[in-house]
Amino acid sequence: QVQLVESGGGLVQPGGSLRLSCAASGSISSFNLVAWYRQAPGKQRELVASIYSGGNTNYAASVKGRSTISRDNVKNTVYLQMNNLKPEDTAVYYCKASVFRYDYWGQGTQVTVSS
């Protein structure tokens, strides 16, 4: 069983930055994949960024160039650095870990971009 705890969300003005953290109970170096998703009110959950065990990363077109996903294998934490935030980035952000055949989700952290 893997537990994930997200943190780092909050209220930020347009153009601001946030760094989200996803702390895992297990060794993330053994995870196949860790990804960040987000879900805005009334919308489906969407993939924001992902990082594979080999280090490859992928980004949604909407955040590419403004966001960076990274990991610290010592701290067992995956980060999502988001810059130049826009109101449309407002959502609950979730972390997901894929370990063998299983997916584990965190409870989410709210990001609100508003002036």
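The values are calculated or read from the model by the stated rules, or taken from the named source; none is laboratory data. Computed from a prediction, not measured in an experiment: that's the story for all the values here. In this analysis, Cβ positions are derived from the backbone assuming ideal geometry, glycine residues included, and neighbour counts consider all displayed protein chains. For the accessible areas, the whole protein counts, side chains as well, though only heavy atoms, and no ligand, DNA or RNA atoms are used. Shrake-Rupley method; radii C 1.70, N 1.55, O 1.52, S 1.80 Å.
Within region 72-93, take every residue that is under 11 Å from the mean Cα position of the chain (by Cα) and within 21 Å of Ser29 (Cβ to Cβ) and give me the one that is surrounded by the fewest Cβ atoms within 10 Å (Cβ to Cβ).
First pass over region 72-93, keeping only residues under 11 Å from the mean Cα position of the chain (by Cα): 77-82, 92-93.
Restricting the remaining residues to those that are within 21 Å of Ser29 (Cβ to Cβ) gives 77-81.
Numbers: Thr77: 19, Val78: 27, Tyr79: 18, Leu80: 27, Gln81: 15.
Only one residue tops the list, namely Gln81.
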Inset, instruction - Please indicate, with yes or no, whether at least one residue in region 18-29 is exposed (fewer than 13 other Cβ atoms within 10 Å of the Cβ), at pLDDT 95 or above and not hydrophobic (A, V, I, L, M, F, W, C). - result: no
Legend entry - Matching entry among Val48, Val12, Val2 (being within 11 Å of the chain's Cα centre (by Cα) and of a type outside the set (Phe, Trp, Tyr)): Val48
Legend entry - Considering residues of region 51-67 that are in contact (Cβ under 8 Å) with a residue 24 or more places away in the chain and closer than 21 Å to Asn83 by Cβ only, the residue farthest from the chain's Cα centre (by Cα): Ser62
Legend entry - Any hit, region 47-55, residues being among the aromatic types (Phe, Trp, Tyr) and open to solvent by less than 50 Å² (accessible area, probe 1.4 Å): no
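Could you tell me which residue of region 70-111 is nearest to Gln39 (Cα to Cα), considering only residues that are among the basic types (Lys, Arg) and in contact (Cβ under 8 Å) with a residue 24 or more places away in the chain?
To start, the set of residues in region 70-111 that are among the basic types (Lys, Arg) comprises 71, 75, 86, 96, 101.
When the remaining residues are screened for being in contact (Cβ under 8 Å) with a residue 24 or more places away in the chain, the result is 71, 75, 86, 96.
Details: Arg71: 22, Lys75: 26, Lys86: 15, Lys96: 13 Å.
Among those residues, the one meeting the criterion is Lys96.
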